[in-house]
Protein chains: 2
Amino acid sequence: MDKIDLDHTQPLNRHRILQAVRLHGPLARVDLGGIIALSPASISSITGELMRDGLIREVPGNDAGRGRGRPKVMIELTPTAACMIAVKLSINRIEVTLGDFAGGIGPVQARALNTLELTSHGLIEALIEMIEGCIAAIPADFGPLTGIGLAVQGLVHSHETLVWSPALAVRNINIAAPVARHFNLPVIAMNDADCIALSIRHRPELQAVENLAVVMLGTGIGMGLILGGRLHSASSGAGAEFGHTKYQIDGPLCHCGRRGCIESFVGDYALYRDARSMLDLPNTDALHPSEEQMQALVDLAESGHPVATSLFQQAGRALGYGLSNLIALIGPDLVLITGSGVRGYQQMETEMRRSLDEALVDTLLAQTEIRSYPWDEDLTLRGIVLQVLAGGKIS
Amino acid sequence: MDKIDLDHTQPLNRHRILQAVRLHGPLARVDLGGIIALSPASISSITGELMRDGLIREVPGNDAGRGRGRPKVMIELTPTAACMIAVKLSINRIEVTLGDFAGGIGPVQARALNTLELTSHGLIEALIEMIEGCIAAIPADFGPLTGIGLAVQGLVHSHETLVWSPALAVRNINIAAPVARHFNLPVIAMNDADCIALSIRHRPELQAVENLAVVMLGTGIGMGLILGGRLHSASSGAGAEFGHTKYQIDGPLCHCGRRGCIESFVGDYALYRDARSMLDLPNTDALHPSEEQMQALVDLAESGHPVATSLFQQAGRALGYGLSNLIALIGPDLVLITGSGVRGYQQMETEMRRSLDEALVDTLLAQTEIRSYPWDEDLTLRGIVLQVLAGGKIS
DNA sequence: CGATTTCATTCAATTCATGAAATAAAAGGG
DNA sequence: CCCTTTTATTTCATGAATTGAATGAAATCG
């Protein structure tokens with residue numbers, strides 16, 4: 001596997017075929033034709049090239065046996081055809097892993113460090129160091145390294161400038177260019193919530209959803225938006241700051257320095273802060289209650305403790321009102337609630353739906369489905385891998 | 001002009017060239033090449049066909065004379081190459097006009113009727129009757145009639161079903177299909193606010209704005225969204241109900257039956273209702289204060305009358321908070337405030353901006369420009385014409 | 001085993017965009 | 001007034017990409 005020609009992945013239909021195979025898993029050529037509206041002849045011709053280049057391969061394990069006629073030959077991406085580095089930067093933590101050509105990821109290497117004390121130079125150095133470690137560990141059977149993706153908390157501009165991040169004290173640093181120069185590879189930076197949204201929308205059953213909002217509950221409240229089938233990143237990289245839409249104009253002070261944000265009612269730190277003031281709970285780092293502390297709070301509510309219950313009800317109301325604004329403005333087909341904070345979703349749901357009924361006319365409400373989405377694994381790294389594979393361009 | 005071949009307007013680059021000429025006015029072939037990234041040879045070939053088909057023509061009035069070299073030959077669309085009917089349905093009023101191939105419109109014929117009393121059958125009949133009148137009046141030199149566009153107040157689904165409209169008592173009527181059957185023409189229905197947004201974004205100076213929100217103040221508050229350069233219509237047709245996002249959860253009752261909507265602070269009827277309760281104003285049809293009444297209210301505020309002034313200030317605050325949610329969620333590059341209600345914009349602006357400062361962190365706020373946009377003519381009909389020309393598909 | 005069905009490939013034909021070269025139409029300079 | 005320069009447009013041969021039609025391949029069914 002030496003002469004892989006990844007430069008010619010540009011021609012439109014080659015790329016579309018690769019994306020389709022990546023999305024819809026192992027797939028016969030006929031079905032490919034159906035998906036991207038191309039004649040069998042073209043499919044045959046292009047898959048022929050791709051196979052010669054080693055980018056795709058026929059699946060050994062034939063399954064769709066039943067039925068008459070010549071059996072389908074399933075094709076899939078060769079995971080090792082190429083690889084890329086995926087990096088996740090969050091508060092006090094950098095993670096890095098190897099992404100393969102099929103969109104999968106390898107083992108994650110993590111490093112704890114005090115990100116708030118980093119200079120912009122120090123940040124770049126830390127990133128480069130982690131990436132070099134990951135590159136050194138690339139198994140020998142992998143094809144060329146084609147790019148690097150950076151998933152970061154905060155506002156990203158033009159896929160390269162980190163305008164602002166809660167993880168950093170510095171602002172407006174171009175995190176893509178220096179890394180690109182150092183490795184001589186294309187580098188793309190993206191908001192972490194957008195990565196997660198991309199990753200979720202990648203699931204086959206969600207492919208048809210044109211307008212999707214993924215709301216992430218946790219310490220903060222984030223959102224990723226897929227609009228018209230494409231990731232919506234305002235050209236500024238701002239946007240999707242769902243957590244900072246308003247619930248009560250004169251409400252409590254939020255992280256962001258403003259008042260009454262949804263986040264200051266629904267975020268973990270808000271729930272724990274209020275719980276602590278009313279219950280007898282340990283006074284730890286108020287900004288980042290631990291998973292155990294939060295789970296304990298949920299358990300309390302589930303066991304019927306009135307104070308804990310009412311906290312989640314209040315959060316549910318705030319969330320419902322926030323969603324009502326989202327629905328009135330965008331009218332997504334589907335809203336998925338996920339993030340570590342879904343642990344409390346059942347406790348919030350009733351009040352959330354009551355708020356929605358209260359705030360929205362039926363005609364609007366009926367157009368949008370709202371449900372929770374399990375939070376098993378962190379989808380951020382998977383999302384940035386998909387973005388790099390999609391060719392940097394938002395698609 | 002008899003053998004116009006409009007069926008072959010589909011091939012991608014033909015269509016792109018026509019759209020580019022429509023957007024950027026009279027234009028030389030060289031410049032066209034620059035705009036849509038096509039070689040001079042291709043431009044020449046395609047414009048040749050289009051000219052032969054009579055869709056475009058060379059501009060007689062040559063202007064760009066100055067400079068060396070062969071002078072540019074400007075081309076423009078032949079307005080009479082084709083035409084379409086544009087219809088606007090609003091409360092108690094139907095308007096209809098002829099749209100030409102260049103995107104212009106002819107004289108508007110209007111008819112007043114009690115729309116709320118119409119059955120779905122009666123509505124269709126009224127529409128067809130108006131359209132027939134318009135068709136009968138098409139000047140002889142026009143090319144074929146290629147389609148019909150319906151701009152309606154309310155929620156439109158799949159470009160054909162009017163899910164709900166404030167103008168009607170009936171719901172869920174397919175207004176496109178029966179009209180299409182009757183005239184044997186493609187018919188497309190669209191929300192009126194979306195039409196206006198499309199129409200505004202059509203201006204040359206706004207072509208580059210990728211994410212644009214157009215907020216329309218008036219009796220009600222509407223919004224049209226251009227996201228990623230394309231009109232955002234939630235697949236449901238809901239969405240962009242900016243007027244019904246929330247300002248005060250327990251605020252006054254809105255038209256829509258819910259409480260605290262922006263519209264119930266900023267809408268004409270809200271301003272006039274509050275003004276009437278505090279000032280000595282005539283008690284007319286509370287739902288639809290007249291233009292004169294509203295202008296009088298603005299004049300009062302401009303002359304410094306404290307009660308009137310404070311009304312607009314309150315409206316400004318509500319508007320500001322509404323916009324802060326919009327910006328946090330979508331992060332548009334530009335927000336334009338327009339509609340008949342801009343007459344009071346100056347009175348609202350200070351408080352509006354104060355609210356924005358109060359509600360949003362600077363980093364977010366700095367990404368979005370907000371300004372007013374003059375409301376000279378009704379752009380709805382122009383918008384639906386553009387949509388029909390764009391081929392029905394949202395682009 | 002042959003008929004039928006479904007999947008995949010081959011090949012010639014067609015369409016479409018393009019680079020290079022030619023042509024067109026002006027200004028400027030002697 | 002003619003020749004050169006400059007810019008715009010067209011012509012033409014070439015090449016790339018997609019496709020319809022025909023063919024081949026691999027299974028099931030009776």
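Bear in mind that the values in this text are calculations on the coordinates, not laboratory data. A quick note: this is a predicted structure, and the numbers were derived from the prediction, not measured. Here Cβ is always computed from backbone atoms with ideal geometry, including for glycine, and neighbour counts include all displayed protein chains.
Extending each Cα 7 Å along its Cβ direction at A:Leu12 and A:Ala208, get the distance between those two points in nm, one decimal.
2.6 nm
At a 10 angstrom cut-off on C-beta neighbours, averaged per residue, how do the peptides A:194-206, A:77-89, B:249-261, B:295-307 rank from highest to lowest?
Values: A:194-206: 20.2, A:77-89: 23.3, B:249-261: 17.4, B:295-307: 15.2.
Answer by packing, highest mean first, reads A:77-89, A:194-206, B:249-261, B:295-307.
Can you list the copy-to-copy distances for A:Pro40, using a point 7 angstrom from Cα toward Cβ, in nanometres, shortest first?
Label-point separations across copies, in nm and ascending: 4.6.
Charges only on Cβ, +1 for Lys and Arg, -1 for Asp and Glu: so what's the dipole of the range B:253-395 about the Cα centre, in debye to the nearest 20?
Values: 11 positive and 19 negative charges, 102 e Å.
Value, rounded to 20: 480 debye.
Provide the percentage of antiparallel DSSP beta bridges, counting only those with both residues in chain B; round to the nearest 5.
Values: 32 of 53 bridges.
So the antiparallel bridges amount to about 60 percent of the total.
Calculate the FRET efficiency for A:Glu58 and B:Ala41 from the Cβ-Cβ distance with a Förster distance of 51 Å, rounded to the nearest 0.05. Walk me through the numbers on the way to the answer.
Working: r = 41 Å, r/R0 = 0.81.
With a Förster radius of 51 Å, E is 0.80.
Take the Cβ-Cβ distance between B:Arg371 and A:Leu279 as r, set R0 to 51 Å, and report the resulting FRET efficiency rounded to the nearest 0.05.
On the way: r = 49 Å, r/R0 = 0.96.
Once the sixth-power term is evaluated, E becomes 0.55.
How large is the helix-only mean residue ellipticity at 222 nm for chain B, computed as the sum of -39500 (n - 2.57) over DSSP H runs with n ≥ 4, divided by its residue count, in deg cm²/dmol to the nearest 500?
Numbers: 13 runs with 149 residues, N = 395.
About -11500 deg cm²/dmol.
Against the empirical 2.2 N^0.38 Å scaling, what ratio does the C-alpha Rg of the range B:116-254 come to? Let's see the in-between values first.
Numbers: Rg = 17.1 Å, N = 139, 2.2 N^0.38 = 14.3 Å.
Here the Cα radius of gyration is 1.19 times the empirical estimate.
From the gyration tensor of the Cα coordinates in the range A:102-176, what semi-axes in whole Å does the equivalent ellipsoid have, largest first, with each one equal to sqrt(5λ)?
Each semi-axis is √(5λ); the values are 25, 15, 11 Å.
With N residues in the range B:39-120, what two-decimal value do you get for its Cα radius of gyration over 2.2 N^0.38 Å?
On the way: Rg = 20.3 Å, N = 82, 2.2 N^0.38 = 11.7 Å.
That works out to 1.73 for the range B:39-120.
If I take all pairs of Cα atoms in the range B:6-77, what percentage of them are more than 20 Å from each other? List each step's numbers first, then the result.
Numbers: 599 of 2556 pairs.
Value for the range B:6-77: 23 percent of Cα pairs lie more than 20 Å apart.
What is the Rg over Rh value, at two decimals, for the range B:169-224, using alpha-carbon atoms and the Kirkwood definition of Rh? Let's see the in-between values first.
Details: Rg = 15.2 Å, Rh = 13.7 Å.
Ratio value, two decimals: 1.11.
What is the distance, in nm, between label points placed 7 Å from the Cα along the Cα-to-Cβ direction at A:Ser158 and at A:Asp299?
The two pseudo-label positions are separated by 5.1 nm.
Based on the inverse mean of 1/r over its pairs of different Cα atoms, what is the Kirkwood hydrodynamic radius of the range B:69-194, in Å? Provide the component values of the computation, followed by the final result.
Details: mean 1/r = 0.0655 Å⁻¹.
Averaging 1/r across every pair of different Cα atoms and inverting gives 15.3 Å.
Place the label 7 angstrom along Cα→C-beta at A:Asn13 and in each other copy, then list the distances from the first to the rest in nm, shortest first.
1.7
Starting from the Cα of A:Arg93, step 7 Å along the direction of its Cβ; do the same at B:Glu129; then give the gap between the two resulting points in nm.
6.9 nm
Suppose we take every Cα in chain A and form the convex hull; what volume per residue is that in Å³? Please report the intermediate quantities before stating the final value.
Numbers: hull volume 65.1 nm³, N = 395.
With only Cα atoms used, chain A gives 165 Å³ per residue.
Please work out how much length the chain gains when fully extended from B:Val73 to B:Glu117, using 0.36 nm per residue of separation minus the C-alpha to C-alpha distance, in nm with one decimal.
On the way: separation 44, 0.36 × 44 = 15.84 nm, distance 5.49 nm.
Roughly 10.4 nm would be gained on extension.
For the protein assembly as shown, with equal point scatterers placed on the C-alpha atoms only and solvent neglected, what are the log10 I(q)/I(0) values from the Debye formula at q = 0.10 1/Å, to two decimals?
-1.19
Quick one: what does P(r) look like for the range B:208-372 with 5 Å bins over all Cα pairs, in whole %?
Pairs per bin, as whole percents: 2, 9, 18, 22, 20, 14, 9, 4, 2, 0.
Ranked highest first by average number of other Cβ atoms within 10 Å, how do A:102-115, A:373-386, A:16-29 line up?
Values: A:102-115: 14.1, A:373-386: 21.1, A:16-29: 18.3.
Ranked by mean Cβ neighbours within 10 Å, highest first: A:373-386, A:16-29, A:102-115.
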